[in-house]
Amino acid sequence: MSASTKPTPKRPAVPKAVEVALAPLITKHVEAALASRQPAPTEPGAKAPTVLKYKGMFDTEQPAHAALGLRMKMAFLDFEDRTAREKSKTRNQPLREFIDKAKSAGVFEGVFSQGGSIWARETRSEEIIDVLRPASILLAAGCRVESGYGSKLTIGVINEGVSVAWEGEDEEASEGELDTGDLVLGAYKAMATIRISNDLMRKGTLRSAEQIATDIGRAMGGAFDQAGLIGKGAKTPTGILHTKDITKKAISGTTNDEKVADLKGMVADVMAANIPLTGSNPFYFMTSGTMMHLGSLRDAAGSGNGGWVFPGLQDLERPTINGFPVRHTESLAGKNIIGFGLAQELYFGNAAPLEIELGENGNDFRRDRKTVRGVQEGDWQLRRAKAFSIRTGVTY
């Protein structure tokens, strides 16, 4: 070696902690790259990547429902194995093969963790909002969501928005004196139970998984809506109807003009509170019966053959009144109210992950079915009470 030739310096070794951290990311990207490659047609015996092999089998427009349903089916298999309830080892085979294919394709990662009790238990840290939203008018309206805070979360101050003040040079910033208490989200427990036949649980299809989760979502979404709208009591969130200082008035009457005045008057109430409607997800809420009644009203022109009083209610898929969406729910049945509000002023607290338990209860064994129980902890809180206005005494 000549004196002018310098040895090439060794590169420093990659720290072990960095290797461990990068390994999952590298593996994930490599698998994704391989899965996207089609095999060359000239290669004898070439096989498509696993994800392409099962292409179309796991297509879904409801991924949250599908994931929850698969989790319940895994809990079903776990229960069957640990309690030796499977009469024939081949009876659950189609479902086992479907689950294996889901694992091989790498879809719904994280779905397959299992519990360890006689009641097979599955818990997820991810939000269950996407499962609840289709069945909840309050979630669908676009309320604010806070998740995973445990037993308590302080949001801010009730009935107080952002304050702006002009200050003189060298003056200290002034503070508002209004303090009506903290806005705190708690953790009230809602429990839903549903009995499902073993035949449906054994079906190895994504559609059946979605169907099971949809039933749970409808039950729990309706329960949370009822609490958010009319809840009252020590074990239930305080609903909009019972929130202190909310605008609450009796209807003007039952003529067409009086109905129009009430529906516009509720919007005026919110505007008078100096809360902007734009970007706040305004919406009306009522029972489906009230909505259908209002949608059938015509003006007096042409002896009852005139135009619709509320033309926006003729589109039942996207009903509107005065240009604002209308949400209808039977959670308000018998309460004789209609309302208008700003969803962005309403908080839904998703305190803890949805917990699913599956087992046999009562005569389930004799009826060849399982009982599924879902437990969700949450709360509702209004940021500003005047963001909602209600009319009572509705007889239509």
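Just so it is clear, none of the values below were taken in a lab; they were calculated from the coordinates. Quick caveat: nothing in here was measured; it's all calculated off a predicted structure. As a convention, Cβ positions derive from the backbone with ideal geometry for all residues, glycine included, and neighbour counts pool all protein chains shown.
Extending each Cα 7 Å along its Cβ direction at Gln211 and Ala84, get the distance between those two points in nm, one decimal.
Each label point is offset 7 Å from its Cα along the Cβ direction, giving 3.2 nm.
Starting from the 7 Å offset along Cα-to-Cβ, what nm value, one decimal, do you get for the label separation of Arg96 and Met292?
Result: 4.9 nm between the two label points.
Around Lys248, which amide H atoms from residues at least 5 apart in sequence, or from another chain, sit under 5 Å from its own amide H, with H modelled in the peptide plane?
Amide H neighbours of Lys248: Ile390.
Using amide H atoms built 1.01 Å from N in the peptide plane, name the residues 5+ places from Phe310, or on other chains, whose amide H lies under 5 Å from its own.
Leu297
What whole number of Å gives the distance from the Cα centroid of the stretch 339-357 to the Cα centroid of the stretch 214-292?
Taking the Cα centre of each part, the stretch 214-292 and the stretch 339-357 sit 15 Å apart.
Please report the antiparallel percentage of the DSSP beta bridges confined to the stretch 264-348, to the nearest 5. Could you put the intermediate results ahead of the total?
Details: 7 of 10 bridges.
Bridges in the stretch 264-348 that DSSP calls antiparallel: roughly 70 percent.
Could you derive backbone 3J(HN,Hα) for the stretch 365-378 from the dihedral phi with the Karplus parameters 6.51, -1.76 and 1.60 (θ = phi - 60°), listing whole Hz in sequence and x where the residue is Gly or Pro?
4, 5, 8, 6, 8, 10, 9, 10, 10, x, 10, 10, 9, x
Rounded, prolate or oblate: which one fits the stretch 197-339, using the alpha carbon gyration tensor with axes a ≥ b ≥ c (rounded when a/c is under 1.5, else prolate when a/b beats b/c, else oblate)?
Values: a/c = 2.36, a/b = 1.48, b/c = 1.59.
Since a/c reaches 1.5 but b/c is at least a/b, the shape of the stretch 197-339 is classed as oblate.
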